[in-house]
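Notes follow the structure.
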Amino acid sequence: MSPPGRPKGEYRSAKHEGSPVTAPAKLRLDGVGKRYPVAGAPDTVAIDEFSLDVRQGEFLVIVGPSGCGKTTVLNVLAGLDTPTRGTVAIDDRLITAPGPDRGVMFQDYALFPWQTVRGNVEFGLRYGPAGAGLDREAREERVRRTIELVGLTGAETKYPHQLSGGMRQRVALARLMANEPEVLLMDEPLAALDAQTRIILQDEMLRIWGQDRPPAERRTVVFITHAIDEAVFLADRVAVMTAHPGRLKVVVDIPLPRPRGDATRALPQFQALTQQIWSLIRDEAYRAAVA
Amino acid sequence: MTTVLDARAERWWSTAGVGLLLPVALLIAWQALGASVGTPRTPLPVNIVKAAAVMIASGDLPAALLQSLGRVFGGFLLAAILAIPLGLLMGYSRAAERNLDPLVETFRPIAAIAILPLAILWLGTGTSAAVAIVAYAAFFPLIVNAVAGAKHVNPTLLRAAATMGLDRMTTIRTVVIPAALPSIGVGLRIAMGVGWTAIVAAELAVGAKAGGGGSGGIGQMMFVFYAYSIELNRIIVCMLAVGLVALLLDRLLRAMMKKLMPWAVQ
């Protein structure tokens, strides 16, 4: 069942907006609600009536004020949280548990403290199904390449406790990318990075996602961020959420041409979209900041 | 630069000096007081050092310590092989914990020395009884810490492993066990301590049963000095040796863990 108001095939042509051509839904959230029981008080509603399709090969970014349930949406997609209402599906199969088809980058990184940088990046390939069919040499080559990509070359033998917050975040990013999952679920993956590294990794994100490949060969990404310019730069669509309860407010198309790069950030359209999304969440963001 | 180093050396000497002040003063007071008002039986620091020299030179003390150490290692290993896997299982599986925890907690307060009568009756007064006592004593700190280690694995790490598609056995091998290792290490250190305590008690008691001859070990050596030759100085040498060996073992274990678990910052 499609969510009401957005039947399949309604999406505009990709020729104008750079998003996949009426791609089928890869991920489908249908009327999803998640409540947490609170002792001696009414349940906390993390998200409510959340319906959204994420298309095959789409880069979807979720923005919204703190506490709007962004992370809950991600956890439900990952199969780490079970919705209390509604359904969530991947390729029309219900999601009931985590799986290697959906890679997650956690907000607190979830690095294995007993593994070095290399051990962490290699972990999924070595012990999970992601490394099936890779011989040792191919695996090591991929790990080496991924570590180089996130700028951690030289730190391979360090342990997480020896790294700065930004470096840990890069290890987590590299671990996710090394597994090359079909769907990437990322919870503020670039938040702890300095401005320059952040811009470099935004470009890399798009490359890994597959912006140079035809839409059918791209991965599907659900990406949470606080930074609106980051959302506009990366996304095919930006889902704006509202808090208390966490609901989907509006989905904004980002018809900026692809491939995107430094020139994209200078486009007047880029500025206009950033302004538009900011105006959508401004009131709530102010209220959240004051509260 | 030199002044900084000088100052640092001076500070070291002053702290070390302050630390040594009290023990040295006590030793002097003990020697003086014992020599002036004590009976011939009163052990004196000077005599203890002399007795230690004799016992080391004759090879008796090292031989006894070595024998006891062998038993401690035997019992320690036996306990570790049983307790660590069992503890990990209990920490990981609620069902296993519910079934085994009452059993463990019932036996845990029973002192190792209390099972000595059974050990002697079943296993005799030799090494196997001593090893069994050590294993019994070491078992409980090992299992309790293994349970705690496996239970308090950071749940996000388990979630991360699940999202990477790891199956249950691989998750245990690559996440639960490594996460539990620091706690298991604490268990090993405590177990080494109680194992060493238990061996001295067991050998003392076995010595009482077997008489002067028999199975040896540092505990039995103490019993002989107590019951047969009545040599207080030598008993105190044995006591000090037991303490020093325990200290050494603990330092050794700690160094090993630091080497094996460089991520576990102490």
For region B:212-256, how many residues are within 15 Å of the chain's Cα centre (by Cα), closer than 16 Å to B:A198 by Cβ and not small (G, A, S)? 6
Name the single residue that is farthest from B:P178 (Cα to Cα) among those in region B:216-266 being at pLDDT below 90 and among the β-branched types (V, I, T). B:I230
Number of positions in region B:123-138 that are hydroxyl-bearing (S, T, Y) and surrounded by 24 or more Cβ atoms within 10 Å (Cβ to Cβ): 1
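For (1) surrounded by 15 or more Cβ atoms within 10 Å (Cβ to Cβ); (2) under 23 Å from A:G261 (Cβ atoms); (3) modelled with pLDDT under 90; (4) outside the structural domain of A:M241 (by TED's automatic domain parsing), each residue gets a yes or a no:
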| residue | (1), (2), (3), (4) |
| --- | --- |
| A:E141 | no, no, no, yes |
| A:P160 | yes, no, no, yes |
| A:E204 | yes, yes, yes, no |
| A:A216 | no, yes, yes, no |
Cβ pairs under 8 Å, 6+ apart or interchain, first in region B:35-52 and under 19 Å from B:V24 (Cα atoms) and modelled with pLDDT of 85 or more, second surrounded by 12 or more Cβ atoms within 10 Å (Cβ to Cβ) and of a type in the set (V, I, T), ordered by first then second residue, are B:I48/B:I236; B:I48/B:V237; B:A52/B:V237
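Just to be sure before I move on: is A:G124 in contact (Cβ under 8 Å) with a residue 40 or more places away in the chain and of a type outside the set (A, V, I, L, M) in the structure I sent?
Against the criterion (in contact (Cβ under 8 Å) with a residue 40 or more places away in the chain and of a type outside the set (A, V, I, L, M)), A:G124 qualifies.
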In this structure, does A:A263 turn out to be free of Cβ contacts under 8 Å to residues at least 24 places away in the same chain, among the small types (G, A, S), surrounded by fewer than 20 Cβ atoms within 10 Å (Cβ to Cβ) and not in a loop (DSSP other than H, G, I, E, B)? yes
Which residue pairs have Cβ atoms under 6 Å apart, sit 6 or more places apart or on different chains, and have a first residue in region A:87-115 that is farther than 20 Å from B:A161 by Cβ and more than 8 Å from chain B (Cβ to nearest Cβ) and a second that is part of a strand (DSSP E or B) and of a type in the set (K, R)? A:A89/A:R28
With respect to the numbered conditions (1) within 14 Å of chain A (Cβ to nearest Cβ); (2) over 26 Å from A:E180 (Cβ atoms); (3) out of contact with any Gly (no Cβ under 7 Å at 6 or more places or on another chain); (4) assigned to a helix (DSSP H, G or I), which one is the sole condition not fulfilled by B:A129? (1)
Among the numbered criteria (1) in a loop (DSSP other than H, G, I, E, B); (2) within 30 Å of B:K258 (Cβ to Cβ), which single criterion is violated by B:V175? (1)
If a residue has to be in a helix (DSSP H, G or I) and basic (K, R) to count, how many in region A:187-244 make the cut? 2
Filter region B:68-104 down to residues that are over 27 Å from B:V175 (Cα atoms) and crowded, with 21+ Cβ neighbours inside 10 Å, then give me how many there are. 4
So B:M164, is it away from chain A (no Cβ under 14 Å) and free of Cβ contacts under 8 Å to residues at least 40 places away in the same chain: no
Do we find a residue being more than 27 Å from A:D229 (Cβ to Cβ) and of a type in the set (A, V, I, L, M, F, W, C) anywhere in region A:184-207? no
Give the residue, chosen from B:I56, B:I28, B:I84, that is modelled with pLDDT of 90 or more, closer than 30 Å to B:A179 by Cβ and of a type in the set (A, V, I, L, M, F, W, C). B:I84
All but one of (1) closer than 23 Å to A:P98 by Cβ; (2) modelled with pLDDT of 90 or more; (3) not hydroxyl-bearing (S, T, Y) hold for A:E180; which doesn't? (2)
Out of the residues in region A:117-153 that are farther than 21 Å from A:R102 by Cα and over 25 Å from the mean Cα position of the chain (by Cα), state the one that is farthest from the other protein chains (Cβ to nearest Cβ). A:E137
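The values are calculated or read from the model by the stated rules, or taken from the named source; none is laboratory data. All figures in this text were calculated on a predicted structure; none of them were measured in a lab. Here the Cβ is made from the backbone with ideal geometry for all residues, glycine too, and neighbour counts use every protein chain on show.
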